[in-house]
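Below is one structure; the comments refer to it alone.
The values are calculated or read from the model by the stated rules, or taken from the named source; none is laboratory data. Please read all numbers here as calculations on a predicted model, not as lab measurements. FYI the Cβ positions are ideal-geometry reconstructions off the backbone, even for glycines, and counts take in every protein chain you see.
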Amino acid sequence: MTDKRDRSGSLKYNQIEEELKALILEEKIKPGEKMPSENVLSKQYGVSRQTVRKAISDLVNEGFVYAVQGSGTYCSDASRFKKDSKDIAVVMTYLSDYIFPKVISGIDSVLSENGYSIVLKNTNNSRTREIKCLEELIEKNIDGIIVEPSKSNVFCKHKYLYDKLDKYGIPYIFIQGAYSVMEDKPHVIMDDEKGAYLLTGYLISQGHKNIIGVFKSDDTQGQNRHKGYAKALAKAGLTYDPENVIWFYTEDRAVHPYTNLQKMIKSGKKVDAIVAYNDQIAFHLIKAIRELGLKVPQDISITGYDNSQPAANTDITLTTIVHPQQELGKIAAQMLLKMIRGEEVEKRIVVEPELVIGNSCIKRK
């Protein structure tokens, strides 16, 4: 019986695949509707379940259907998502400044080598813009998405858009952060808590006791770096004082840390060191310190994060944490390619921090 049914197996599985495609494209099988089981299709076409499985596997690879573990196979909106476009969308908070060009360069080096092109999207760390980007991408024929989440520490109200990507079988991966409601999705991040712990611990080892923290409140990096700062103080037996922490948001990052540090110093608060959210903020703070007639590091030591030393600031080399920008991008791209091929990937890859000593800190007696 098996030999008779599968004598023209290759012809049969192609026939099954094409007929199911036609039903999907004609919307006789609706998006989200459960596909007939292997047993049903096997009887309908007079072939083995193995032949049916091959046809369904091809439909999954082409994006016409998607599998839900333990539930079955469901129809995608395959009239729009046919896959094999060789386009990957990269949605970043910023494109042209700071560390982001190198992250994108790392992504591109892997994707271009594998025959893919990048569709770049920029959110300016705005949730509204991220929603718009995702809505646009859902309408396009793309093979996958790499996303740096906007304001990743704020509750994600647009998870429904990521659910749509899951529904349509479009793989995606988060980089440099992940929304709390989607921590089960693949993501590549730095160990930011450990990084700030190392920086704060270094300042303490150099005799600093009045250490100010400056952190970004609307992303997970800022929250985790704050945790590392507080943890290092506790380990050293130094009292954590919330009044010694300056929080800022994306929208006020150019002004708030700068003005609030100056207010602190002018009020007479003891400040002998600062753990800054990143290198960019650190250099803003150095300017604020110098405007008050104080010197770095003689009066106030300061650390950054990301090892992104701007060429213009040659007199100060920050004590900072290495951010392997290109490597992070490469890891994310390699993971996404595996997902596109249907391979299993780790859900969470954490890159270990590395402390780099510059001349922005001094040993206190």
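When you check D306 against the structure, is it at pLDDT below 95 and closer than 30 Å to K209 by Cα, yes or no? So D306 passes the test. Condition check for E193 on (1) outside any helix (DSSP H, G or I); (2) modelled with pLDDT of 95 or more: one failure, at (1). Before we move on, is G342 surrounded by fewer than 20 Cβ atoms within 10 Å (Cβ to Cβ) and on the phi > 0 side of the Ramachandran plot? Yes; evaluated as a whole, the condition is true for this residue. What are the residues in region 159-180 that are of a type in the set (A, V, I, L, M) and either under 24 Å from Y74 (Cα atoms) or modelled with pLDDT under 90 (or both), if any? Result: L161, L165, I170, I173.
Annotation: R225 fulfils all but one of (1) of a type outside the set (S, T, N, Q); (2) at pLDDT 95 or above; (3) in contact with a His (Cβ under 6 Å, 6 or more places away or on another chain); the unmet one is (3).
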